[in-house]
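Engineer: My structure is below; once you've seen it, I'll send some questions.
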Amino acid sequence: LTKVGEITAQLGAKSTLGDAVAEFARWAERTIGDQRWTLLEVEFSVRSRHSEDIREKIAAGADQVRGLIAGLVQHLTESNGVTPTLDPDAAALRMLSVGIGLGLQRAISPELPVDPLVDTVREILSGG
């Protein structure tokens, strides 16, 4: 949640969609797939199957992250006069899903590019 909060604050201050996507790409390259962090998240998620309390906390955190992303999508598209290709909640779910999948893959193969995630963000923000 902290990492997503940092980047949403940074991107919210960007004036153009191009600037926001470029900043996101730099952040994603540094952050997505960090081995220690990603594997810790996976371990907690796996352990949640034995604890409803842990599962609820993980789900609540994911809800907060999706909310931050949805708010950012809405802010960036409105402030740039663009209609996103998906409503902000659907966009947030797609972006987070691609990010999680890519993060797992990069934890194993760090040489993989972040382009699939950056391209998803760009496509959503560019409008239809």
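Engineer: Return one number: the angle in degrees, 0 to 90 and rounded to the nearest 10, between the long axis of the Cα atoms of helix 52-79 and the longest principal axis of the Cα atoms of the chain.
Structural biologist: The two axes meet at around 10 degrees.
Engineer: Helix 2-12 against the longest principal axis of the chain: what's the angle in degrees, Cα atoms only, rounded to the nearest 10?
Structural biologist: Here the helix axis deviates by roughly 0 degrees.
Engineer: Let me check against my output: what whole-number percent is the relative contact order of region 10-84, with C-alpha pairs under 8 Å and at least 6 apart? Don't skip to the answer; put the middle values down first.
Structural biologist: On the way: 25 pairs, mean separation 30.0, N = 75.
Result for region 10-84 is 40 percent.
Engineer: Heavy atoms only, probe 1.4 Å: what % of the accessible area of region 88-128 goes to carbon and sulfur, would you let me know? Intermediate results must be reported in sequence, preceding the final value.
Structural biologist: Values: 1270 of 2150 Å².
Accessible surface attributable to carbon and sulfur in region 88-128 totals 59 percent.
Engineer: What percent do you get for the relative contact order of the chain when only Cα pairs under 8 Å and 6+ apart count?
Structural biologist: Working: 124 pairs, mean separation 46.9, N = 128.
For the chain, the relative contact order is 37 percent.
Engineer: How many Å³ per residue does the convex hull of the Cα positions in the chain occupy?
Structural biologist: 91 Å³
Engineer: Would you mind working out the accessible area per residue for region 42-92, using a 1.4 Å probe, and quoting it in Å²? Provide the component values of the computation, followed by the final result.
Structural biologist: Working: 3210 Å² over 51 residues.
Solvent-accessible surface per residue comes out at 63 Å².
Engineer: So if I place +1 on the C-beta of Lys and Arg and -1 on the C-beta of Asp and Glu, and nothing else carries charge, what would the dipole magnitude of the chain be about its Cα centre? I want it in debye, nearest 20.
Structural biologist: Numbers: 13 positive and 18 negative charges, 45 e Å.
For this selection, approximately 220 debye.
Engineer: If you build the Cα gyration tensor of region 57-128 and take the root of 5 times each eigenvalue, what three semi-axes come out, in whole angstrom, biggest first? Kindly include the intermediate steps, with their values, before the conclusion.
Structural biologist: Numbers: eigenvalues 102, 56, 12 Å².
So the equivalent ellipsoid measures 23, 17, 8 Å along its semi-axes.
The values are calculated or read from the model by the stated rules, or taken from the named source; none is laboratory data. Quantities reported herein were computed from a predicted structural model and do not represent experimental measurements. Neighbour counts are summed over all protein chains in view; Cβ atoms, including those assigned to glycine, are modelled from backbone coordinates with ideal geometry. Quick note on the areas: whole protein, heavy atoms, side chains included, nothing else; ligands and nucleic acids left out. Shrake-Rupley method; radii C 1.70, N 1.55, O 1.52, S 1.80 Å.
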